[in-house]
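Please treat every number below as a calculation from the coordinates, not as lab data. Just so we're clear, the structure is a prediction, and the values are computed from it rather than from any experiment. Backbone-built Cβ (ideal geometry, glycine too); neighbour counts: all protein chains shown.
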Amino acid sequence: MTQYLISFEKGAMDHIPAEDFPDVGRAAHAVIQETKRAGVYVYGGGLSYDDGDVEWGVVATDGTVADGPGPGGKELIGGLTIVDVPTREAALEWAAKIAVACRCAQDVRKFGFDPER
């Protein structure tokens, strides 16, 4: 089996009206429960940026720490799910379900193989 990161960018759900978020949350949780029942769930969650507390940052190669995004305004992950599935097609199928539930496009990337994993 191979692990895939399914993710979406911070702000990808900004188009959703506030009153729809409970429905989106229920739909997203239902898909995650489905991944768990299927035995492919590894990890997942949403990332917080707007709670007023700086709980994230970038650590440079010299060890200095900066709050916020790194140089060049790199894209930030808004949420992620990791699945362990037999094929890329299976990962894309799960990503499609998550995209529908979250009402936003999903990025799918294969984790590099680590023989000691």
Order by protection proxy (mean Cβ within 10 Å, highest first), peptides 90-96, 58-64, 26-32:
90-96, 26-32, 58-64
Stick to the Cα atoms of the chain, pair each with every other, and give me the Kirkwood hydrodynamic radius in Å at one decimal.
15.7
